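Visitor: Below you will find the structure I want to go over with you.
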Amino acid sequence: MRKVSIFGATGSIGQNTIDLIARDPDAYDVVALTGGANIEQLARDARRLKADVAVTAYDTRLDDLRTALAGSGIAAASGQAALTEAAARPADWVMSAIVGAAGLAPGLAALKQGATLALANKETLVCAGPLVLETARAHGARLLPVDSEHSAVFQALVGEDPRAVERIIITASGGAFRDWPVSELANATVEQASSHPNWDMGQRITIDSASMFNKALELIETKEFFGIDPSRIEVLVHPESIVHALVGYCDGAVMAHLGAPDMRHAIGYALHWPDRRALPVNRLDLSQLGQLRFADPDPERYPALRLARAVMERGGLSGAIFNAAKERALDHFIARRIRFLDMADMVASVLDRFETDGSHIDAPLSLDNVQQTDHLARQWVDEAVVQRAG
Ligand code: NDP
């Protein structure tokens, strides 16, 4: 039996992972399941999958979790340290599907115990790519991509010589506001930004798709995961979300990965890798679809992409700053304290402030430095929001 743990088990990726694992219960021995506020779901899945331990991110919810697990023999724990401890429990395969920078510390702990880390949490590589890759190398651990674009690139690279790769193209649906007049974006509401044309995902990543901050994170993730120069990574708007990524080779050939928009493709590929197994997903019917459209992203509509390119050039802790400022600006947008376009403005001004206000950006890439910089970036976003309100 393979020992598996799922971090962020109660979320969209976590639930899709559980869906696949629960179809073959005799194949898996579930070590740890983690969640945040959704205690009922966490306890239900922990019982169903007979996990050893269930962890909530929030100490205030530990009593509820204990009550929900009473009599099951499943250990309950809470807090960020408990998440990291759970990741250090030996497992063969660990799904990293916590949302946000909170996924970094458990991900590093899982790599240190030599697990294969299935990486949905793109923030792990955005905040600390070189540190994460070095940790995996030092501990003989493996990283497998779960983001659909990165899984697609990974699959289009199978059997190829990486030196023959000329460019990587990741696609973007364009999000909720792809066809809106740019002049109306300033008035976009949280509800409007929370509906995705093709994918059924968590609220935060759905809003990040509308602003293309999600694609911005994925650009950085591509650079780190595949070790490719940023100038050779392209983004294409592809409204149908059928082609997830393309790899262009030196002979002019382009290998594309196609699939119905269902995250169980990429999760299943990472779960069964290096094998390919049957998955319960819809099959593509291209004649039914009729057409696949592609266009360059409009830089005015999606300023996040320009910011990501600057971050890729800058390196160091700028990825951690970019992500933290983005996460905090998103909190404020969801809380209706700022408007849709303010998010990119605030991230840009926090990045600028780090350039002029301190040496943090060039500090060595360690977990401590990432966490401190992350904290400061969030504080500076909060200050900017207060200033704006005043
Ligand atoms: P969701 O918001 O649906 O789920 C997030 C999970 O993380 C939940 O289990 C949540 O718990 C938990 N969580 C929230 N805050 C914390 C915290 N501070 N500490 C620990 N756990 C926490 O997110 P998604 O599943 O959509 O996304 C997860 C990750 O996967 C993200 O990095 C996203 O970018 C990436 N991803 C997602 C895709 C998708 O299709 N959804 C596609 C590709 C990548 P609870 O809900 O119980 O509060």
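The values are calculated or read from the model by the stated rules, or taken from the named source; none is laboratory data. This one's a predicted model, so the numbers in the text were calculated from it and none came from an experiment. Cβ sites come from the backbone with ideal geometry, for glycine too, and all protein chains shown count toward neighbours. In case anyone asks, the SASA skips ligands and DNA or RNA and just uses the protein heavy atoms, side chains included. Shrake-Rupley method; radii C 1.70, N 1.55, O 1.52, S 1.80 Å.
For (1) at pLDDT below 95; (2) under 24 Å from the mean Cα position of the chain (by Cα); (3) assigned to a helix (DSSP H, G or I), each residue gets a yes or a no:
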site	(1), (2), (3)
298	no, yes, no
304	no, yes, yes
310	no, yes, yes
320	no, yes, yes
331	no, yes, yes
338	no, yes, no
350	no, yes, yes
355	yes, no, yes
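Visitor: How do the pairs read when you match residues in segment 1-12 that are in a loop (DSSP other than H, G, I, E, B) with residues anywhere that are of a type in the set (Phe, Trp, Tyr), using Cβ under 7 Å and keeping only pairs 6 or more apart or on different chains?
Guide: Qualifying pairs under 7 Å: 1/28.
Visitor: Which of the residues spanning segment 107-150 are among the polar types (S, T, N, Q), open to solvent by less than 20 Å² (accessible area, probe 1.4 Å) and more than 14 Å from the ligand (Cβ to nearest atom)?
Guide: Step one: of segment 107-150, the residues among the polar types (S, T, N, Q) are 113, 116, 121, 124, 135, 148.
Keeping just the survivors that are open to solvent by less than 20 Å² (accessible area, probe 1.4 Å) gives 121, 124, 135, 148.
Matches in segment 107-150: 135 only.
Visitor: Here is a follow-up. Of the numbered conditions (1) under 20 Å from residue 289 (Cβ atoms); (2) in contact with a Leu (Cβ under 8 Å, 6 or more places away or on another chain); (3) open to solvent by 40 Å² or more (accessible area, probe 1.4 Å), residue 197 fails exactly one; give the number of that condition.
Guide: Unmet for residue 197, out of (1) under 20 Å from residue 289 (Cβ atoms); (2) in contact with a Leu (Cβ under 8 Å, 6 or more places away or on another chain); (3) open to solvent by 40 Å² or more (accessible area, probe 1.4 Å): (2).
Visitor: Considering only residues that are of a type in the set (D, E, K, R) and closer than 20 Å to residue 281 by Cα, which ones fall in segment 136-191?
Guide: 147, 149
Visitor: Restricting attention to segment 356-390, which residues are open to solvent by 50 Å² or more (accessible area, probe 1.4 Å) and either in contact with a Cys (Cβ under 8 Å, 6 or more places away or on another chain) or hydroxyl-bearing (Ser, Thr, Tyr) (or both)?
Guide: 356, 359
Visitor: Tell me whether segment 288-295 contains one or more residues that are surrounded by fewer than 16 Cβ atoms within 10 Å (Cβ to Cβ) and among the charged types (D, E, K, R).
Guide: Within segment 288-295, one or more residues are surrounded by fewer than 16 Cβ atoms within 10 Å (Cβ to Cβ) and among the charged types (D, E, K, R).
Visitor: Open to solvent by 20 Å² or more (accessible area, probe 1.4 Å) and free of Cβ contacts under 8 Å to residues at least 60 places away in the same chain: which single residue out of 22, 43, 51 fits that description?
Guide: None of the others qualify; the one that does is 22.
Visitor: Can you report the number of residues in segment 13-31 which are closer than 22 Å to residue 103 by Cβ and either within 12 Å of the ligand (Cβ to nearest atom) or assigned to a helix (DSSP H, G or I) (or both)? Steps first, please.
Guide: Taking segment 13-31 first, the residues closer than 22 Å to residue 103 by Cβ are 13-21, 28, 30-31.
If we keep only those that are either within 12 Å of the ligand (Cβ to nearest atom) or assigned to a helix (DSSP H, G or I) (or both) too, we end up with 13-21.
Going through segment 13-31 one residue at a time, the tally reaches 9.
Residues are listed down the side, and each one gets a yes or a no for (1) touching a Gly at 6+ places or on another chain (Cβ under 6 Å); (2) free of Cβ contacts under 8 Å to residues at least 24 places away in the same chain; (3) hydrophobic (A, V, I, L, M, F, W, C):
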residue	(1), (2), (3)
184	no, yes, no
188	no, no, yes
195	no, yes, no
205	no, no, yes
244	no, no, no
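Visitor: Just wondering, is there one or more residues in segment 235-244 that are at negative phi and assigned to a helix (DSSP H, G or I)? Lay out the reasoning, then the answer.
Guide: Going through segment 235-244, the residues at negative phi turn out to be 235-240, 242-244.
Retained after the next criterion (residues that are assigned to a helix (DSSP H, G or I)): none.
Scanning segment 235-244 turns up no residue that is at negative phi and assigned to a helix (DSSP H, G or I).
Visitor: May I ask you to list the residues in segment 87-102 that are over 10 Å from residue 6 (Cβ atoms) and either part of a helix (DSSP H, G or I) or among the hydroxyl-bearing types (Ser, Thr, Tyr) (or both)?
Guide: Correct list: 87, 88, 101, 102.
Visitor: Also, quick follow-up: Quickly run through segment 172-191 and pick out the residues that are surrounded by 15 or more Cβ atoms within 10 Å (Cβ to Cβ) and farther than 16 Å from residue 213 by Cβ.
Guide: Within segment 172-191, just 180 meets the criteria.
Visitor: Okay, moving on. (1) closer than 14 Å to residue 7 by Cβ; (2) within 12 Å of the ligand (Cβ to nearest atom): which one isn't true of residue 61, the others all being true?
Guide: Tallying (1) closer than 14 Å to residue 7 by Cβ; (2) within 12 Å of the ligand (Cβ to nearest atom), residue 61 fails exactly one: (1).
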